[in-house]
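Notes follow the structure.
The values are calculated or read from the model by the stated rules, or taken from the named source; none is laboratory data. Quick caveat, the model's predicted, so the values are computed rather than measured. When we count neighbours, we look across all protein chains shown, and the Cβ atoms used for this are built from the backbone with ideal geometry, even at glycine. Each accessible area value is taken on the protein alone, full model and side chains, heavy atoms only, with ligands, DNA and RNA left out. Shrake-Rupley method; radii C 1.70, N 1.55, O 1.52, S 1.80 Å.
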Amino acid sequence: QVQLVESGGGLVQPGGSLRLSCAVSGSSSRLVAMGWYRQAPGNQRELVASIGSGGTTNYVDSVKGRFTISRDNAKNTLYLQMTDLKPEDTAIYYCNRNNPGFRWSWGQGTQVTVSS
């Protein structure tokens, strides 16, 4: 069974940075399109960044220029570098396959709180 373990969240001031990690176990994510999702209180979970098996990346407009998604296939790990964080980035962040028709079970996510 595939397990997703997100880490790296925390409390940061506006303008700060965080680097999230997602360790994938039980399956190789090397050839799989992956994404970072987030869910703020009262909101639906949304895809904020994705990376294809070949390395092509896409971002939602609200994070373009501030977030960078990357992957280390040797470590079976996905990353999200977040800079210039804003209060509206506050959410629980999750990783998963970028395939609406086939996703693994969600992990517990990692909380990101941006506040002064």
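If you take the residues in the stretch 6-32 that are modelled with pLDDT of 95 or more and in a loop (DSSP other than H, G, I, E, B), which one is most open to solvent (accessible area, probe 1.4 Å)?
Ranking the qualifying residues of the stretch 6-32, first place goes to 13.
Quick one: count up the residues across the stretch 43-56 that are over 12 Å from residue 90 (Cα atoms), surrounded by fewer than 19 Cβ atoms within 10 Å (Cβ to Cβ) and not hydroxyl-bearing (Ser, Thr, Tyr).
The total comes to 7.
Which is among the hydroxyl-bearing types (Ser, Thr, Tyr) and over 10 Å from the mean Cα position of the chain (by Cα), of 70, 50, 62?
Among 70, 50, 62, only 62 is among the hydroxyl-bearing types (Ser, Thr, Tyr) and over 10 Å from the mean Cα position of the chain (by Cα).
For the stretch 59-109, which positions are in a helix (DSSP H, G or I) and open to solvent by 50 Å² or more (accessible area, probe 1.4 Å)?
Result: 61, 62, 87, 88.
Scan the stretch 33-42 residue by residue and report those that are open to solvent by 50 Å² or more (accessible area, probe 1.4 Å) and either in contact with a His (Cβ under 7 Å, 6 or more places away or on another chain) or closer than 17 Å to residue 86 by Cα (or both).
39, 41
Could you list all residues from the stretch 33-58 that are of a type in the set (Lys, Arg) and assigned to a strand (DSSP E or B)?
38
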